[in-house]
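Structure record follows, encoded as structure tokens.
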Amino acid sequence: MTITAANEFAFATEAANFLHSQSPLRPAIGIVLGSGLGALADELTHAVRISYNSIPYFPVSTAIGHAGQMVIGLCNEIPVAVMQGRVHLYEGYSAKQAGFPMRVFGRMGIRTVILTNAAGGIDRAYSQGALVLIRDHINLQGQNPLSGANDDRLGPRFPDMTEAYSHRLQMIAQEQAAKLGMVALAEGVYVGLPGPNYETPAEIRYLRAIGADLVGMSTVPEAIVARHMGMEVLAISCVTNMAAGILGQPIQHQEVLDTGERVKGQLISLVKAVLTVVG
Ligand code: HPA
């Protein structure tokens with residue numbers, strides 16, 4: 001059934017109630033794990049794993065490297081709801097559908113979301129495998145998850161996006177990265193494109209010129225919906241590859257997955273450390 005502005009509140013509430021019926025835990029933090037980054041969810045204790053198929057109205061991911069389940073459990077004793085995989089516009093989903101899981105998080109009472117993704121590095125100072133904090137985004141997906149009539153129970157018609165990505169959470173992430181002995185994390189502007197093809201070198205030059213440091217095919221609808229609902233957002237990109245034309249070699253999806261695999265340990269440590277402060 002298609003999610004529309006008219007049914008979104010009711011559908012998200014039903015999905016949230018369903019998830020609450022599956023676990024006694026009541027997480028205040030929701031986490032989305034992107035391509036190849038799903039391993040954190042395997043470490044939770046007291047975990048229940050709920051396939052997206054069984055959650056009412058939930059969009060089901062088809063991408064390789066996306067398990068497609070919600071895991072509710074404890075991470076260092078902190079209750080969390082972790083999405084192992086997400087849906088993308090290139091799968092044929094609308095931005096509203098891509099943002100729907102954030103509606104469900106919001107209706108579950110979640111106040112903080114941590115989004116992770118795989119991204120191409122546009123800034124030449126990045127290297128493959130680096131973790132970068134998203135400090136802002138540019139929406140070039142050609143769609144907005146908030147389009148259609150606004151439901152005031154979800155959020156305001158014209159939400160402010162001045163601080164889409166929480167400065168407070170970025171500071172916490174930097175402090176925790178330092179404590180873990182990681183190099184200072186770079187902070188960058190993420191541009192969201194619809195995909196599915198990787199960009200042309202000319203597009204990358206254009207994206208650099210308009211102020212983007214990272215490029216990817218996700219995250220933007222989620223961040224917009226989360227902010228619409230007043231949730232605080234932290235987003236971390238894993239630079240799985242340098243963007244097209246920078247290294248003069250083709251970009252392969254397998255490379256994206258392999259790099260995610262290589263740095264997932266670091267990403268998990270960082271997210272866990274952030275949770276100990278935020279949770
Ligand atoms: N471009 C777009 N999305 C991506 C890339 C990229 O180079 N790498 C991982 N996701």
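Which of the trypsin sites (Lys or Arg not before Pro) found in the stretch 131-225 are loop residues per DSSP with 13 or fewer other Cβ atoms within 10 Å of their Cβ? Intermediate results must be reported in sequence, preceding the final value.
Numbers: sites: Arg135, Arg153, Arg157, Arg168, Lys179, Arg205, Arg208; in loops: Arg153, Arg157.
When the trypsin sites (Lys or Arg not before Pro) of the stretch 131-225 are filtered for loop state and at most 13 Cβ neighbours within 10 Å, Arg153, Arg157 remain.
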Listing Asp123, Asp160, Asp213, Asp42 by rising number of other beta-carbon atoms within 10 angstrom, fewest first, gives Asp160, Asp42, Asp123, Asp213
Whole-number D in µm² s⁻¹ for the stretch 207-279, Kirkwood Cα-pair radius fed into Stokes-Einstein, 20 °C, 1.002 mPa s:
146 µm²/s
List the DSSP H helices in the chain whose Cα atoms stretch 27 Å or more along the helix axis and whose mean Kyte-Doolittle hydropathy is at least -0.5.
253-278
Asp42 and His20 label points (each 7 Å along its Cα→Cβ direction) are spaced in nm at 3.3 nm
Quick one: length gained pulling Asn7 to Met182 fully straight, 0.36 nm per residue minus the C-alpha distance?
58.5 nm
For the chain, projected area of the alpha-carbon convex hull averaged over all directions, nm²:
13.0 nm²
Given Cα pairs under 8 Å that are at least 6 residues apart, what percent is the relative contact order of the chain?
26 percent
Could you compute the FRET efficiency for Asp160 and Arg49, with r as their C-beta to C-beta distance and R0 at 30 Å, rounded to 0.05?
0.25
Shape call, the stretch 54-184: gyration tensor on alpha carbons, a/c limit 1.5
rounded
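No value in this document is a laboratory result; all are computed from the given coordinates. From a predicted model like this one, the values you see are computed outputs, not experimental measurements. Note that we place each Cβ from the backbone using ideal geometry, even for glycine, and neighbour counts take in every protein chain shown.
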